[in-house]
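Participant: Here's a structure for you.
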Amino acid sequence: MRIIKIVKTKVFILATIPLLILLSGCGEFKDIDKMVFVSMIGVDQSEDPEKPYKIILKLYVPTSSFRQNPTPEYSYLIKEGATLAETISLLEAYIDKELDFGHSRLIVVGEKMLQDQKNEVILDFLIRRPDIQMISYFTVGRPNAEEIVKFTPAGETALQPTLFNYFDNNGAESSYIVTTFLFDFRRRIKEEGINPILPIVEMNEPKTHFIVNKSIVLAEDKPPYELDPEKTLLVKLLSNEAKNLIFDVDRGGENFVARLDTVKTKYDVDAGKDGKVSIKVEIKLAGMITESKKNLSNKELPRYNKLLTEEMKEKVTAFIQELQTEGYDPIGFGLQLNSHTLPKNRMSENEWLSAFKNADVEVSVKVGLKSTGSIE
């Protein structure tokens with residue numbers, strides 16, 4: 001029995017030593033008063049070709065009470081450098097505390113950076129840093145990232161920056177807002193058959209609030225392709241990400257606005273033996289008419305359904321054909337085709353874009369308007 005106990009003790013000691021070694025490798029713990037939290041990260045292109053990257057960090061200023069200080073206070077660190085990592089390292093010497101990126105939820109890239117095809121460089125830096133969240137929102141700043149990051153609209157509280165509410169679906173739920181996470185942006189950059197799409201953040205003319213109703217599609221070796229509010233709405237519709245839509249119908253002598261609370265989209269992409277690609281899109285909509293320039297009758301709902309069906313089908317078909325002509329696929333038609341194709345038969349990016357350009361498109365729309373919203 002004594003020999004067994006000695007053996008068990010030795011086994012326990014041998015099993016404990018590796019755990020102690022791992023524990024000793026943990027990073028040094030720092031008190032919270034020795035850290036400063038980064039709210040947003042901005043990346044712009046500088047005017048210096050030797051230091052092309054301009055980093056803007058928006059820092060939370062600690063407050064003892066949200067009630068005593070309801071208005072948020074921020075400080076900013078701005079620096080130009082040859083590389084992103086070097087610039088961040090230089091900024092760490094500008095403050096007496098450690099920069100903590102764990103609470104940073106928004107990354108804003110200046111529009112000029114995207115035009116110069118520096119997406120891969122920025123993405124590589126962000127992915128490699130372990131303290132930057134992959135669920136951070138990735139956006140485009142217009143006219144640049146610095147103005148967007150430094151802007152604090154009236155009414156913003158110290159609890160959370162206003163700009164976060166546009167993308168987290170707890171505040172604004174607009175059909176014109178595209179939300180792109182860092183992990184999804186990386187996936188779309190690397191995946192064949194789908195192009196990344198990013199929301200554009202800009203300010204109104206008096207510079208009193210943000211405007212987020214446009215988007216931009218990126219593709220390798222091609223200039224960014226901007227989508228206006230209506231086309232951004234159609235992207236969300238086709239991607240089945242729209243919870244509701246406000247759709248204007250001007251057709252057959254009628255002009256009315258429908259609020260569509262039920263929006264379901266399904267599409268199938270198939271390639272025939274001859275390599276010809278066909279895209280079939282099915283859209284189901286339900287809602288009610290919320291605005292009209294003249295009185296509408298519930299008895300005429302079948303006709304209003306027909307007008308809305310024709311209008312939606314025409315616009316969706318025209319939009320997909322425009323994407324075919326321009327050679328961009330933010331919906332992921334090519335990704336869906338490759339997902340149910342044997343690996344040896346899958347198309348490369350160039351093969352898909354060529355097939356996509358000549359694909360047959362068929363759009364079907366089913367609409368069920370419940371009422372005209374009239375009060376009699």
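The values are calculated or read from the model by the stated rules, or taken from the named source; none is laboratory data. In this text, all values refer to a predicted model and were calculated from it rather than measured experimentally. Glycine gets a Cβ as well: all are built from the backbone with ideal geometry, and neighbour counts include every protein chain shown. Areas reflect the complete protein model, heavy atoms only, side chains present, ligands, DNA and RNA absent. Shrake-Rupley method; radii C 1.70, N 1.55, O 1.52, S 1.80 Å.
Participant: Determine whether region 118-131 contains at least one residue that is open to solvent by 50 Å² or more (accessible area, probe 1.4 Å) and on the phi > 0 side of the Ramachandran plot.
Facilitator: Scanning region 118-131, I find no residue that is open to solvent by 50 Å² or more (accessible area, probe 1.4 Å) and on the phi > 0 side of the Ramachandran plot, so the answer is no.
Participant: What is the residue count in region 333-348 for residues that are surrounded by fewer than 12 Cβ atoms within 10 Å (Cβ to Cβ) and among the hydroxyl-bearing types (Ser, Thr, Tyr)?
Facilitator: Selection size over region 333-348: 1.
Participant: Out of all the residues in region 243-262, which are outside any strand (DSSP E or B) and in contact (Cβ under 8 Å) with a residue 12 or more places away in the chain?
Facilitator: Once the filter is applied, which keeps residues that are outside any strand (DSSP E or B) and in contact (Cβ under 8 Å) with a residue 12 or more places away in the chain, region 243-262 yields LYS243, ASN244, GLY252.
Participant: Identify, from the list PHE66, PHE125, the residue that is assigned to a loop (DSSP other than H, G, I, E, B), more than 18 Å from the chain's Cα centre (by Cα), modelled with pLDDT under 90 and of a type in the set (A, V, I, L, M, F, W, C).
Facilitator: The match here is PHE66.
Participant: Can you tell me which condition GLY110 does not meet? The list is (1) out of contact with any Gly (no Cβ under 6 Å at 6 or more places or on another chain); (2) surrounded by 18 or more Cβ atoms within 10 Å (Cβ to Cβ); (3) modelled with pLDDT of 90 or more, and all the others hold.
Facilitator: Every condition holds for GLY110 apart from (1).
Participant: Now for a different question. Spot the failing condition for GLN321; the list is (1) in a helix (DSSP H, G or I); (2) crowded, with 17+ Cβ neighbours inside 10 Å; (3) not aromatic (Phe, Trp, Tyr), and only one is missed.
Facilitator: (2)
Participant: Only one residue in GLU351, GLU282 is assigned to a helix (DSSP H, G or I), surrounded by fewer than 17 Cβ atoms within 10 Å (Cβ to Cβ) and either charged (D, E, K, R) or touching an Asp or Glu at 6+ places or on another chain (Cβ under 6 Å) (or both). Which one?
Facilitator: GLU351
Participant: Next question. Against the definition (hydrophobic (A, V, I, L, M, F, W, C) and closer than 23 Å to ILE331 by Cβ), how does VAL178 come out, yes or no?
Facilitator: The answer is yes for VAL178.
Let's see how each residue does on (1) in contact with a Lys or Arg (Cβ under 7 Å, 6 or more places away or on another chain); (2) outside any strand (DSSP E or B); (3) hydroxyl-bearing (Ser, Thr, Tyr); (4) open to solvent by 30 Å² or more (accessible area, probe 1.4 Å):
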{"position": "LEU237", "(1), (2), (3), (4)": "no, yes, no, no"}
{"position": "GLU241", "(1), (2), (3), (4)": "no, yes, no, yes"}
{"position": "LYS264", "(1), (2), (3), (4)": "yes, no, no, yes"}
{"position": "TYR267", "(1), (2), (3), (4)": "yes, no, yes, yes"}
{"position": "SER278", "(1), (2), (3), (4)": "no, no, yes, yes"}
{"position": "ILE289", "(1), (2), (3), (4)": "no, no, no, no"}
{"position": "LEU296", "(1), (2), (3), (4)": "no, yes, no, no"}
{"position": "LEU307", "(1), (2), (3), (4)": "yes, yes, no, no"}
{"position": "GLU311", "(1), (2), (3), (4)": "yes, yes, no, no"}
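Participant: OK, next. I want to confirm something. Restricting to region 83-107 and keeping residues that are in a helix (DSSP H, G or I) and polar (S, T, N, Q), which single residue is surrounded by the fewest Cβ atoms within 10 Å (Cβ to Cβ)?
Facilitator: SER89
Participant: Related question: Hey, among the residues in region 324-348 that are in a loop (DSSP other than H, G, I, E, B) and at pLDDT 90 or above, which one's farthest from GLU282 (Cα to Cα)?
Facilitator: Selected residue: GLY327.
Participant: Okay, next question. Restricting to region 232-274, count the residues that are more than 19 Å from ILE194 (Cα to Cα) and not aliphatic (A, V, I, L, M).
Facilitator: Adding up the residues that qualify gives 18.
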